[in-house]
Amino acid sequence: MKNNSSIDKIRSFNRFYTGFIGHLNNNLIYSNYTLQEVRVLFEINCTTYITAKQIREMLRMDKGYLSRILLKFDKLGILKKEIDITDGRTYKLSLTQKGKLEFSKLNQASELQIMSFLSNLDEQDICMLTKNMENIQNILLKIK
């Protein structure tokens, strides 16, 4: 049953968690990329060829915002665009060698960042944290 107490607790958690993620993103990775840009890089890196439309749908991102991110990547020489032979209006996106290297550095920095914050926890807390994260994810997947 939904009640004001549940709503208040969820909103409080959301504020805490987004603040926590912002702290991690701003203070530990030390990169020239925003969290959203890194997410786009991740999706491009993890897929052989992906379209901007697929990224927008996956990340629920505004078309104009994604377009600006892709333009930045293109100017930095980290994005490769190839016309889709099945639809000449669409580009298949992938990372250049420079882009793959950049992603690898960001991914490694992210892993070190997580290792750093986990170093303050004991094994039991880490286990509880990851299990609760899995539980939250599984519950939220029911909402889709």
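The values are calculated or read from the model by the stated rules, or taken from the named source; none is laboratory data. What you are looking at is a predicted structure, and each value in this text was computed from that prediction instead of being measured. Note that each Cβ is placed from the backbone with ideal geometry, even for glycine, and that neighbours are counted across all protein chains shown. The accessibility values were calculated without ligands, DNA or RNA, using every heavy atom of the protein model including side chains. Shrake-Rupley method; radii C 1.70, N 1.55, O 1.52, S 1.80 Å.
Considering each residue of the stretch 54-73, count those that are within 21 Å of THR96 (Cβ to Cβ) and basic (Lys, Arg), and give that number.
Looking only at that region, the number is 2.
Please go through the stretch 77-94 and give me each residue that is touching a helix residue (DSSP H, G or I) at 6+ places or on another chain (Cβ under 9 Å) and open to solvent by 70 Å² or more (accessible area, probe 1.4 Å), ordered by number.
LYS80, LYS81, TYR91 - these are the residues of the stretch 77-94 that are touching a helix residue (DSSP H, G or I) at 6+ places or on another chain (Cβ under 9 Å) and open to solvent by 70 Å² or more (accessible area, probe 1.4 Å).
Listed here are the residues, each with its yes/no results for (1) touching a Leu at 6+ places or on another chain (Cβ under 6 Å); (2) modelled with pLDDT under 95; (3) of a type in the set (D, E, K, R).
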site: ASN27; (1), (2), (3): no, yes, no
site: GLN36; (1), (2), (3): no, yes, no
site: TYR65; (1), (2), (3): no, no, no
site: ARG68; (1), (2), (3): no, no, yes
site: ASP74; (1), (2), (3): no, no, yes
site: ASP84; (1), (2), (3): no, yes, yes
site: SER110; (1), (2), (3): no, yes, no
site: GLN124; (1), (2), (3): no, no, no
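Would you mind stating whether ILE69 is aliphatic (A, V, I, L, M), touching a helix residue (DSSP H, G or I) at 6+ places or on another chain (Cβ under 8 Å), more than 21 Å from TYR17 (Cβ to Cβ) and free of Cβ contacts under 8 Å to residues at least 40 places away in the same chain?
yes
Can you give me the ranges of the helices (runs of 4 or more DSSP H) entirely in the stretch 53-144 with at least 1 residues that are touching a strand residue (DSSP E or B) at 6+ places or on another chain (Cβ under 8 Å) and under 23 Å from VAL38 (Cα atoms)?
Hits in the stretch 53-144: 63-76, 97-118.
With the condition kept exactly as written, say whether any residue in the stretch 33-40 is in contact (Cβ under 8 Å) with a residue 60 or more places away in the chain and under 28 Å from MET115 (Cα atoms).
Yes - at least one qualifying residue is present in the stretch 33-40.
Tell me which of these LYS72 doesn't satisfy, since it passes every other one: (1) under 28 Å from THR48 (Cβ atoms); (2) of a type in the set (Lys, Arg); (3) open to solvent by 100 Å² or more (accessible area, probe 1.4 Å).
(3)
Looking at the stretch 101-123 only, could you name the residues that are loosely packed, with under 15 Cβ neighbours inside 10 Å and in contact with a helix residue (DSSP H, G or I) (Cβ under 9 Å, 6 or more places away or on another chain)?
SER104, ASN107, ILE114, PHE117, LEU118, LEU121
Within the stretch 40-69, which residues are surrounded by 16 or more Cβ atoms within 10 Å (Cβ to Cβ) and among the basic types (Lys, Arg)?
ARG56, the sole residue that qualifies.
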